[in-house]
1. Give me, ordered by chain and number, the residues 5 or more places off GLY67 or on other chains with an amide H under 5 Å from its own placed amide H.
2. Beyond 27 Å between alpha-carbons counts as too far, so tell me which of LYS130/LYS279; LYS304/LYS346; LYS63/LYS316; LYS58/LYS279; LYS88/LYS144 fall in that bin.
3. Go through region 280-358 and name the trypsin sites (Lys or Arg not before Pro) that are in a DSSP coil and have 15 or fewer other Cβ atoms within 10 Å of their Cβ.
4. Length gain on complete extension for the stretch SER282 to ARG340, per 0.36 nm per residue less the alpha carbon to alpha carbon distance?
5. Can you order the peptides 191-200, 105-114 by their average number of other Cβ atoms within 10 Å per residue, highest first?
6. Would you please name the GluC sites (Glu not before Pro) within region 295-335 that are DSSP coil residues with at most 15 other C-beta atoms within 10 Å of their C-beta?
7. Taking the Kirkwood radius as the inverse of the mean 1/r across Cα pairs, report the Rg/Rh of region 275-337.
8. Hey, with R₀ at 45 Å, roughly what FRET efficiency would ARG49 and ARG303 work out to, going by the Cβ-Cβ distance, to 0.05?
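The values are calculated or read from the model by the stated rules, or taken from the named source; none is laboratory data. Because the structure is predicted, anything quoted here is derived from the model rather than measured. Note: ideal-geometry Cβ built from the backbone for every residue, glycine included; neighbour counts use all protein chains shown. Side chains included, ligands, DNA and RNA excluded: accessible areas come from the protein's heavy atoms. Shrake-Rupley method; radii C 1.70, N 1.55, O 1.52, S 1.80 Å.
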Amino acid sequence: MKPREFLERIARPFTSSSSRRGAGAERRRREEEEADLEAIAAREQRAFRYEALATATKGFSEKQKLGQGGFGPVYRGRLEDGREVAVKRLGAGSRQGAREFKNEATLLSRVQHRNVVNLIGYCAHGADDKLLVYEYVPNESLDKILFSSSSPATSHSGSRSDGERLRRSELTWPRRHEVVVGVARGLLYLHEDAHTPIIHRDIKASNILLDDRWLPKIADFGMARLFPEAGDGRSHVQTRVAGTNGYMAPEYLMHGALSAKADVFSFGVLVLEIVSGRKNSSFVPPPDSDADNLLDHAWRLYRKERSMELLDAAVKSSAVQEQVELLVRIGLLCVQADPRTRPDMKRVVIILSKKQSTLEEPTRPGVPGSRYRRRSYGSGGTRGSQYSVGSTSGTSSPSTSHASSAASNAMTTTSSTHTMRSQGLPSHREE
Ligand SMILES: Nc1ncnc2c1ncn2[C@@H]1O[C@H](COP(=O)(O)OP(=O)(O)OP(=O)(O)O)[C@@H](O)[C@H]1O
């Protein structure tokens, strides 16, 4: 809501009572109220001056650069009041004008949760320069730890600036379990509790940042709102918004059908990655398995009651068997082919927080990919065939215009750079 509307709406009740009071006292009272509300509204705006951000990041210097994401570079900075921030400078891929951008950023900056990287504010500068200001999260992103080799590392100091790297084994079982619980809570908040419900669309290990107490924080929420699909040939941004290989739900990848259950699917993949320490998109099956992806591998082990074999050897000594088995089962429930059978995040949080005596059996995972499609064409579709009607020539017939755009995005991206190696599919983004 714009400050003016906000003021008007809030001021209404006072107007109705004015006839009972003296006109002068009433006017003074209203002026005071409005001054207070103006101040609140101004704070709510969370607009930063460009100069303040330039100073905070030492002129966006290379030294301050934390990394380069799909939307542009991210800089570490310190505000005048001492707060450490991460400033994301968005590339010129957004079709949004400064005004829409401000509206969305204001809305998103009201999304506050301990398991979400909070957006402190924004800056729209000139025609194309748009910046987002986030709380700074001092640890690595989850992927850098989870998928690191066990190469020698010095002890962890809580900061990346000295070049130290965390090791996989430092992400002990209790910490991994806490990460799963925290991400589940953060996602539940985004889906149901934030005043503007948000489907993240790109839940993956590199979008989970860990703070100095190993608390997970979901990054990049709301990017789809800030970067509405452009359809103007800037495939990188379209690609980035649409999701990442290995994490996308089949119905979303194949048909563009987006719901909160697409996030649930990605969360399920993430859970299996956290348990196993393996990345789904570059999964290499162990010698005794012919599973072609992590989900299938986990499923086969689960069916033989050998879920413990999925566990990352680096955390064997700290693992709690009951928890490992539960997380494997939750992961598999979340990656089921049919979105209707996947639990919502509320249920996931409940399963994680209580002992469940009755927990449903997962069905076969939904895996968009060549093998999945080959089977459904060749053998009548044994795996979730309702999502396996995609065509290798890109002529699937999605039922909505959104779906159509998602399908064509997938094809656009294929022809440019990325190819989904293990799944032989048009890919949106290689991790
Ligand atoms: N709030 C933050 N605090 C600390 N570091 C951050 C913060 N946000 C991003 N980073 C770091 O900045 C780098 C770039 O992040 P960004 O989210 O833009 O891209 P990414 O996660 O690497 O890729 P993608 O665009 O696919 O999500 C990453 O190394 C990330 O860890």
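1. VAL74
2. Listed pairs above 27 Å: LYS130/LYS279; LYS304/LYS346; LYS63/LYS316; LYS58/LYS279.
3. Details: sites: ARG300, ARG303, LYS304, ARG306, LYS316, ARG329, ARG340, LYS346, ARG347, LYS354, LYS355; in loops: LYS304, ARG306, LYS354, LYS355.
Those that pass, being in a loop and sparsely packed, are LYS304, ARG306, LYS354, LYS355.
4. Working: separation 58, 0.36 × 58 = 20.88 nm, distance 2.77 nm.
So the extension gain works out to 18.1 nm.
5. Working: 191-200: 16.3, 105-114: 18.0.
Highest to lowest by the protection proxy: 105-114, 191-200.
6. Values: sites: GLU305, GLU309, GLU322, GLU325; in loops: GLU305.
In loop regions of region 295-335 (DSSP not H, G, I, E or B), the sparsely surrounded GluC sites (Glu not before Pro) are GLU305.
7. Numbers: Rg = 11.1 Å, Rh = 11.9 Å.
Over the Cα atoms of region 275-337, Rg/Rh equals 0.93.
8. Using R0 = 45 Å, I get an efficiency of 0.15.
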